[in-house]
Amino acid sequence: MAKTGGTKLKILMCTSEAVPFAKTGGLADAVSSLSLALARLGHEVKIVMPRYYGINRDKLKRMEGALGVPMAGGEEWCSAYTTDLPSGPSVGPSNGSKKPVKVYFIEHEGFFGRDGIYGSPFEPDFLDNPRRFAFFCRSCFQLCRKIGWYPDILHAHDWPAALAPVFLRHGEKYGGYNESGETGSFATTASILTIHNLGYQGIYSKDAFFYTGLGWDVFYQAGFDDWNMMNLLKAGINSADKINTVSPSYARETLSQEGGFRLDGPLRYRSEDYTGILNGVDIEVWNPATDRYLPAPYSIKDLSGKVKAKKALQRRYGLPEASKVPLIGMICRLTEQKGVGELFGPSYGSAFSICLDMNLQFVFLGAGEAWAEHEIGSLSSRLSNFKAQIGYNEELSHLIEGGADFFLMPSRYEPCGLNQMYSLAYGTIPIVRNTGGLADTVQNYNQKTGEGTGFMFDYLSPNSIYDTVGWAVWAWYNRRKDIEAMRLRGMEQDFSWKKSALQYTELYRKAMGT
Ligand code: ADP
């Protein structure tokens with residue numbers, strides 16, 4: 001039975017990122033959107049995250065007093081700030097009373113008073129990350145004690161928060177560390193760990209285990225051990241009541257040796273408690289009918305704004321304003337995960353051959369690994385129909401989604417993926433690898449029936465990318481009716497967060513055993 005006594009739950013999100021405060025990837029979007037969607041269902045949701053140097057304190061409310069966080073070797077003192085999570089319309093539940101999502105920021109000069117979330121250009125993974133995030137995870141419990149609010153659900157996200165379920169299971173549930181002497185307040189709290197990307201696990205030297213303040217018995221019981229190192233995500237997987245990832249197909253793939261990043265065994269061991277719940281998209285931000293970054297709004301009823309967006313995008317990239325030539329867009333972090341080795345490498349079939357052989361235009365936006373940025377720079381100097389912008393640009397990403405005809409995502413793996421969902425909503429046809437969340441959101445084109453919402457391939461290679469882009473371009477020139485029908489079918493899909501929030505609610509109840 002829920003502690004709240006009714007159907008509404010108290011949920012604490014422990015996270016290292018949440019928009020609009022700190023973001024390096026899809027995790028930040030997912031945490032905030034899910035929290036708002038849960039609040040709309042009437043749940044009481046609070047988010048706790050570090051107050052990084054880049055988060056302006058002037059806009060936050062300082063909480064009175066200090067928080068003492070027990071760490072190995074003594075207590076660390078910190079303060080906390082709070083604010084409401086901004087949202088479009090009111091997050092008020094149906095009874096009319098507003099219940100905003102509260103965000104709490106843990107401030108500690110030594111751990112978070114520096115530029116960067118996980119690292120800096122000079123130190124990509126801060127040496128003291130295990131200590132920083134051990135401190136953060138422990139502080140979540142102290143914060144609850146301070147505000148006298150004990151959650152039904154502790155929902156941790158990715159490796160930086162993975163120690164929170166470990167602390168809960170191995171101590172906090174049974175009283176834990178408590179300045180006031182009150183015990184057992186987390187006794188009925190259940191924990192969820194969401195894996196947004198299994199490629200990042202928080203693997204550090206075993207020596208850093210000391211900072212968790214846990215005993216060596218817990219090191220082995222919770223399964224921190226990883227080839228004589230310490231794996232924070234693995235310990236979280238072993239300790240959480242329920243584990244999930246961000247799409248059903250990715251959940252299946254991570255149970256295999258190929259997709260499991262060496263954690264397929266621990267995940268198979270927990271397979272009864274492991275599921276996939278597809279992320280939603282924030283339709284207040286990603287909606288062509290209201291998008292302020294587009295030259296004109298458009299919708300399924302009137303696509304004339306999309307024609308204007310294509311022109312604006314071509315102008316922006318210095319391409320001829322050719323309406324009949326298909327325009328392919330791509331936005332991504334330049335890492336191996338996104339298939340950039342195959343797409344921008346030297347083999348036949350890569351972007352060079354695609355742009356040379358086919359009558360199309362290609363625009364790219366993204367940043368990441370230096371070699372890929374270099375290859376892309378060289379491509380744009382050699383090809384007149386390939387243009388790239390290296391860097392992060394929110395506004396341009398909206399224009400690409402609106403203005404392109406096709407959107408390319410040849411990912412090696414994709415836990416959920418947001419861009420293909422944005423593309424569908426914007427009538428931009430995705431060309432994707434059949435993996436993870438891409439497989440769950442895109443239906444392959446059927447040339448015989450005209451059905452489908454995108455173009456898909458199974459095996460990741462330059463040739464498959466070439467062939468599939470070629471197929472889409474062929475359909476553009478030879479099956480225009482199918483293309484127009486696919487656009488509309490994509491725009492009809494519902495990827496709102498409400499569906500996901502209902503599935504999370506179900507998962508929470510299972511974790512609580514209610
Ligand atoms: P991941 O989280 O693996 O990077 P997702 O597709 O789940 O991939 O989410 C990435 C988000 O970041 C999307 O909203 C995407 O548009 C955005 N994004 C990635 N790179 C850029 C960029 N260079 N400029 C603007 N937005 C970007």
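The values are calculated or read from the model by the stated rules, or taken from the named source; none is laboratory data. Quick caveat, the model's predicted, so the values are computed rather than measured. So basically every Cβ, Gly included, is an ideal-geometry build from the backbone, and we count neighbours across all protein chains shown. For accessibility, only protein heavy atoms count, side chains too; no ligands or nucleic acids. Shrake-Rupley method; radii C 1.70, N 1.55, O 1.52, S 1.80 Å.
Listed by first and then second residue, the pairs with beta-carbon distance under 6 Å, at least 6 apart or on different chains, first residue in segment 119-132 and of a type in the set (Lys, Arg), second crowded, with 17+ Cβ neighbours inside 10 Å, are 131/211; 132/111. For segment 320-334, the set of residues classified as more than 16 Å from the ligand (Cβ to nearest atom) and open to solvent by 10 Å² or more (accessible area, probe 1.4 Å) consists of 320, 321, 322, 323, 324, 325, listed by residue number.
Criterion first (of a type in the set (Phe, Trp, Tyr), under 29 Å from the mean Cα position of the chain (by Cα) and under 24 Å from residue 291 (Cβ atoms)) does residue 344 satisfy it? Steps first, please.
Working: of a type in the set (Phe, Trp, Tyr): yes; under 29 Å from the mean Cα position of the chain (by Cα): yes; under 24 Å from residue 291 (Cβ atoms): no.
So residue 344 fails the test.
If the condition is being within 12 Å of the ligand (Cβ to nearest atom) and open to solvent by 30 Å² or more (accessible area, probe 1.4 Å), then segment 353-380 contributes 367, 368, 373. If you check residue 254 against the conditions, is it in contact with a Leu (Cβ under 8 Å, 6 or more places away or on another chain) and either at pLDDT 95 or above or not hydroxyl-bearing (Ser, Thr, Tyr) (or both)? Judged against the criteria, residue 254 is a match.
Please state which one of 431, 400 is open to solvent by less than 10 Å² (accessible area, probe 1.4 Å), in contact with a strand residue (DSSP E or B) (Cβ under 7 Å, 6 or more places away or on another chain), of a type in the set (Val, Ile, Thr) and more than 17 Å from residue 339 (Cβ to Cβ). Before the answer, list the steps.
Values: 431 fails: more than 17 Å from residue 339 (Cβ to Cβ).
Among 431, 400, only 400 is open to solvent by less than 10 Å² (accessible area, probe 1.4 Å), in contact with a strand residue (DSSP E or B) (Cβ under 7 Å, 6 or more places away or on another chain), of a type in the set (Val, Ile, Thr) and more than 17 Å from residue 339 (Cβ to Cβ).
Quick one: which helices (runs of 4 or more DSSP H) sit completely within segment 279-370 and have at least 3 residues that are farther than 27 Å from residue 414 by Cβ?
Passing ranges, in order: 304-316.
Here's a check for you: in segment 390-438, which residue that is in a strand (DSSP E or B), of a type outside the set (Val, Ile, Thr) and more than 8 Å from the ligand (Cβ to nearest atom) is farthest from residue 318 (Cα to Cα)? Ranking the qualifying residues of segment 390-438, first place goes to 433.
Give the residue, chosen from 65, 25, 74, 42, that is touching a helix residue (DSSP H, G or I) at 6+ places or on another chain (Cβ under 9 Å) and not charged (D, E, K, R).
Numbers: 25 fails: touching a helix residue (DSSP H, G or I) at 6+ places or on another chain (Cβ under 9 Å); 74 fails: touching a helix residue (DSSP H, G or I) at 6+ places or on another chain (Cβ under 9 Å); 42 fails: touching a helix residue (DSSP H, G or I) at 6+ places or on another chain (Cβ under 9 Å).
Result: 65 is the single residue among 65, 25, 74, 42 that is touching a helix residue (DSSP H, G or I) at 6+ places or on another chain (Cβ under 9 Å) and not charged (D, E, K, R).
Taking each residue of segment 464-484 that is under 19 Å from residue 433 (Cα atoms) and looking for partners that are among the polar types (S, T, N, Q) with beta-carbon atoms closer than 9 Å, six or more apart or interchain, yields 465/350; 466/350; 466/353; 471/447; 473/359; 475/447.
Quick one: residue 128 ticks every box in (1) surrounded by 22 or more Cβ atoms within 10 Å (Cβ to Cβ); (2) touching a helix residue (DSSP H, G or I) at 6+ places or on another chain (Cβ under 9 Å) bar one, so which box is it? Looking at each condition in turn, residue 128 falls short on (1).
Show the residue pairs meeting these rules: Cβ distance below 7 Å; 6+ apart or different chains; first residue within segment 162-190 and open to solvent by 10 Å² or more (accessible area, probe 1.4 Å) and assigned to a loop (DSSP other than H, G, I, E, B); second residue modelled with pLDDT of 60 or more and hydrophobic (A, V, I, L, M, F, W, C). Short answer, once both residue conditions are applied: 170/214; 170/218; 170/222; 176/141; 176/186.
Evaluating residue 391 against the criteria (1) free of Cβ contacts under 8 Å to residues at least 60 places away in the same chain; (2) in contact with a Cys (Cβ under 8 Å, 6 or more places away or on another chain) leaves one unmet condition, (2).
Yes/no matrix, rows are residues, columns are (1) within 14 Å of the ligand (Cβ to nearest atom); (2) farther than 22 Å from residue 371 by Cα; (3) among the small types (Gly, Ala, Ser); (4) out of contact with any Leu (no Cβ under 8 Å at 6 or more places or on another chain):
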site: 292; (1), (2), (3), (4): no, yes, no, yes
site: 301; (1), (2), (3), (4): no, yes, no, yes
site: 345; (1), (2), (3), (4): no, no, yes, yes
site: 351; (1), (2), (3), (4): no, no, yes, no
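Restricted to segment 439-467, and to residues there that are assigned to a strand (DSSP E or B) and out of contact with any Lys or Arg (no Cβ under 9 Å at 6 or more places or on another chain), the residue that is nearest to the ligand (Cβ to nearest atom) is 454.
Just wondering, is there one or more residues in segment 224-238 that are surrounded by 22 or more Cβ atoms within 10 Å (Cβ to Cβ), at pLDDT 95 or above and assigned to a loop (DSSP other than H, G, I, E, B)? Looking through segment 224-238, at least one residue is surrounded by 22 or more Cβ atoms within 10 Å (Cβ to Cβ), at pLDDT 95 or above and assigned to a loop (DSSP other than H, G, I, E, B).
Quick check on segment 147-154. Is at least one of its residues open to solvent by 30 Å² or more (accessible area, probe 1.4 Å) and among the β-branched types (Val, Ile, Thr)? Scanning segment 147-154, I find at least one residue that is open to solvent by 30 Å² or more (accessible area, probe 1.4 Å) and among the β-branched types (Val, Ile, Thr), so the answer is yes. One residue stands out in segment 9-59 among those that are away from the ligand (no atom under 16 Å from the Cβ) and free of Cβ contacts under 8 Å to residues at least 40 places away in the same chain: the one that is least open to solvent (accessible area, probe 1.4 Å), namely 56.
Does residue 96 meet the test of being modelled with pLDDT under 95, farther than 23 Å from residue 27 by Cβ and not in a strand (DSSP E or B)? First the steps, then the outcome.
Working: modelled with pLDDT under 95: yes; farther than 23 Å from residue 27 by Cβ: yes; not in a strand (DSSP E or B): yes.
Taking the combined requirement at face value, the residue satisfies it.
Residues are listed down the side, and each one gets a yes or a no for (1) over 17 Å from residue 138 (Cα atoms); (2) among the aromatic types (Phe, Trp, Tyr):
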residue	(1), (2)
162	no, no
166	no, no
198	yes, no
212	no, no
220	yes, yes
229	yes, no
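Scanning segment 485-514 for residues that are aliphatic (A, V, I, L, M) and in contact (Cβ under 8 Å) with a residue 40 or more places away in the chain yields 486, 488, 491, 501, 502, 507, 511, 512.
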